[in-house]
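Chemist: Pasting in a structure now, in C-alpha cells, and then I'll have a few things to ask.
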Amino acid sequence: MQRPPYFDGVGPEPEPVQNITGARVLALLGDSVTTDHISPAGTIKAGSPAGRYLIEQGVAPEDFNSYGSRRGNHHVMIRGTFANVRLRNQLAPGTEGGITRHWPDGEQQSIFDAAASYAAEGVPLIVIAGADYGSGSSRDWAAKGTSLLGVKAVLATSFERIHRSNLIGMGVVPLQFQDGDTAQSLGLTGKETYSIIGLADQDPLPREVTVRVDDGARTRELIATLRIDTPAEQAYYRHGGILPYVLRQLL
C-alpha cells in the first residue's frame, strides 16, 4: 500500500479555476476507446514501465502478479494506464500498446515516460479521442490513472456517461467537439500545443470554451462544449475533484 498524491497541496479552500495553457497531446485516439484500453489490467510484463519499476524495487518477475493485485500502489498503476496492448495511439503509427511521442523533439517513448518528462518540464497534457470515449464497464482507474499522468482535459467526439463523470471527479475536463467535427476533419495531428480558454473567472462555468491550437506556423481557434453538466459536477471540478471536495466538506 502506498499513499497516493490525491491530497498533496490541497488547502482548506479551492484555488480559482484556471485556463489550461500550452498543453501537449499525450495520446491521439480513434473511436470506441474503452476503459479496458485505458485501465491498467492483466499481468505485468517485465519489460513494461510497471515491470521495470517493480524490478527496481527488488521484486522478482515471478512475483509481479497482476495490476489488480497491486491497485493499492499508484506507482504501479499509473505505469499501466494507457498501456493496453491493443491501444493504437495515432501519434506513434505502426505501434500498439502504450507508446507515444514526446514533443517537440518527437522522440518515441512509453506513455508513462513521456508523461513523466512533461511533468518535469511543467507541461500540462490533453488526450484527443473519437466517439464513445470511455465506453465499456466503468473502471475507477481509467480516470485515476489519466489524472495522475498529468492529463488536464480530454477532447473527444462523444463520451460514455459514467467515464465522463469519473473524469470530472478526478479534476479532468471533458470537452466535446462541436457536432460534425472530429480531430480528422479539423486536421489535428497531435503535434500542436493546445490552450483551453474560458474556464478562468467564470461562475457558473460556461457551456462552451475556446480551444486555441498552435502548430508553430499558425494559431487557430475551435469551439468545444464543456461537458460539466450539473451543479454537483461544477462543484467537484472547482475543488479539483471529488476527493478534495469531500475532504473540505468534512473539515
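The values are calculated or read from the model by the stated rules, or taken from the named source; none is laboratory data. None of the values given here were measured: they were computed from a predicted structure. Note: ideal-geometry Cβ built from the backbone for every residue, glycine included; neighbour counts use all protein chains shown.
Chemist: Would you check if residue 224 is over 24 Å from residue 114 (Cα atoms), among the small types (Gly, Ala, Ser) and surrounded by fewer than 19 Cβ atoms within 10 Å (Cβ to Cβ)?
Modeler: Considered against the rule, which asks whether it is over 24 Å from residue 114 (Cα atoms), among the small types (Gly, Ala, Ser) and surrounded by fewer than 19 Cβ atoms within 10 Å (Cβ to Cβ), residue 224 comes out as no.
Chemist: Restricting to segment 1-48, name every residue that is assigned to a loop (DSSP other than H, G, I, E, B) and of a type in the set (Val, Ile, Thr).
Modeler: Passing the criteria: 10, 17, 33, 44.
Chemist: For segment 219-251, which positions are at pLDDT 95 or above, part of a loop (DSSP other than H, G, I, E, B) and not hydroxyl-bearing (Ser, Thr, Tyr)?
Modeler: 227, 228, 229, 239, 240, 241
Chemist: Looking at segment 21-49 only, could you name the residues that are in contact with a Pro (Cβ under 8 Å, 6 or more places away or on another chain), at positive phi and hydroxyl-bearing (Ser, Thr, Tyr)?
Modeler: Scanning segment 21-49 gives no hits.
Chemist: Quick check on my filter: what residues within segment 123-149 are farther than 28 Å from residue 187 by Cβ and either in a loop (DSSP other than H, G, I, E, B) or touching a Lys or Arg at 6+ places or on another chain (Cβ under 6 Å) (or both)?
Modeler: Residues satisfying the conditions are 136, 137, 138, 139.
Chemist: In segment 71-121, how many residues are closer than 18 Å to residue 25 by Cβ, surrounded by fewer than 18 Cβ atoms within 10 Å (Cβ to Cβ) and β-branched (Val, Ile, Thr)?
Modeler: The total comes to 1.
Chemist: So, one more: Considering (1) more than 26 Å from residue 16 (Cα to Cα); (2) assigned to a loop (DSSP other than H, G, I, E, B), say which one residue 114 fails and leave the rest.
Modeler: Condition not satisfied by residue 114: (2).
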